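One structure is given here, and the rest of the page talks about it.
Each reported figure results from applying straightforward, stated rules to the coordinates on display, with no laboratory input. All figures in this text were calculated on a predicted structure; none of them were measured in a lab. Cβ placement follows ideal geometry from the backbone for every residue including glycine, while neighbour counts extend to all protein chains displayed.
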Amino acid sequence: MQRQNEIDDGFGRSVKHRRVVVVFSAIAVLLVALATLNLCIGSLGVPFEEVWPILFGQGADSTNYQVIWNIRLPRLIAAALLGGALALSGFLLQTFFNNPIAGPFILGISSGAKLVVALTMIVIVGSSGVMTSGMMIVSAFVGSLIAMVFVLLVSRRINSMSMLIVAGVMIGYICSAATDFLITFASDANIVNLKNWSLGSFSGANWNDIGIMTVVVVAASIAVFFLSKPIGAFQLGEQYARSMGVNIRVFRIALILLSSLLAATVTAFAGPISFVGIAVPHIIKRALGTSKPLVVIPGAFFGGAIFCLFCDLIARSVFAPTEVSISAVTAIFGAPVVISILLKREKARR
């Protein structure tokens, strides 16, 4: 008989209910706290007691109202949505490759998206001056799929997962070098922000962008959640998944498309952001004490939101008015997690 403080994931494996409740309660508290800090802190400080009245429409003529509604709130939502998208993309890639350090940045998928977006911006913006959000997402999606195809082709030729990661890193370097080359020779005044975008930043988000990224990210995230049971079966082995009725070919295609779409959306709106897709799923799994998709998927999404809200707050406030690249901050906090994963795997081999 199933214990009352445990929940079943559908495959006879239980998850500690009390621990899950505690972790998600902590996530909720952190989200509210970081959201409030992101609204209050900046070059123009907004008193805490004014934040909630402003969010409910009071003081529409004040400077604080304009700053929160036109600058900080869109940036906050973008950081939360795109951070969650990156974490889910990393979780899907780790599932697909059965590798704990697989992620959109490490495998070069973000860099591939970055290259095609940069190329599209230079060609289209340079000629017509118009580059819509939809065009950026499509360009990034195409670039991420191209990079993913290269990674998959390499994975067929080598059996070592460590060599696959090295190959992904090399693909990323090639795409980044090509992007830098394009940026160097892009002299059109209409693409002056291309270099800042290529470094990664949540700044410049507007409500039109928020509407588009919300539709894409939420729809993709819901699709990922509905894949919880097939993912759980796949984690127990491909043969077991087949015995449970999972169409492996369709399942793999779904993972590729969803992970690429999530990573592409992030790259289109914020540029390449490092280590979030690797670090956050592991932090969430360790906190929850399980790798069950039913709880890890929502945990990873909100964990990614928290991670990016925290890093963005540091990026724009520590050295204000100078803003640090978001990738530099996420690397500082994410890289140690990756190192600990590698050390743990090396220790397990001995």
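Could you put T322, T36, T265 in order, starting from the residue whose Cβ has the fewest other Cβ atoms within 10 Å? Could you put the intermediate results ahead of the total?
On the way: T322 8, T36 15, T265 28.
Listing T322, T36, T265 from fewest to most nearby Cβ atoms yields T322, T36, T265.
Please check: in the Gaussian network model of the chain (C-alpha springs, under 10 Å), which one of R18, R157, R252 has the largest mean-square fluctuation.
R157
Over region 6-349, what is the relative contact order in percent, taking alpha-carbon pairs closer than 8 angstrom and at least six residues apart?
Relative contact order, region 6-349: 30 percent.
I want to verify a result. In a Gaussian network model of the chain, Cα cutoff 10 Å, which of these has the top mean-square fluctuation: A305, A270, A177?
A177
Excluding residues on the same chain fewer than 8 positions from K344, give the lysines whose Cα lies under 21 Å from its Cα.
Correct list for K344: K285, K292.
For the chain, compute Rg over Rh where Rg is the Cα radius of gyration and Rh is the Kirkwood radius from the inverse mean 1/r over Cα pairs.
Details: Rg = 20.6 Å, Rh = 21.0 Å.
Answer for the chain: 0.98.
Where does the chain land at 222 nm, in deg cm²/dmol rounded to the nearest 500, when only DSSP H runs of n ≥ 4 count, each adding -39500 (n - 2.57), divided by all residues? Don't skip to the end; give the middle numbers.
Values: 15 runs with 248 residues, N = 350.
Only helices count here, giving -23500 deg cm²/dmol.
Within the chain, which DSSP H helices have Cα atoms that stretch 27 Å or more along the helix axis and a mean Kyte-Doolittle hydropathy of at least -1.0?
What comes out of the filter, once short or polar helices are dropped, is 17-40, 73-97, 133-157, 161-184, 207-226, 248-270, 293-317, 326-349.
Measuring from centroid to centroid over Cα atoms, what is the spacing of region 280-350 and region 84-157 in Å?
20 Å
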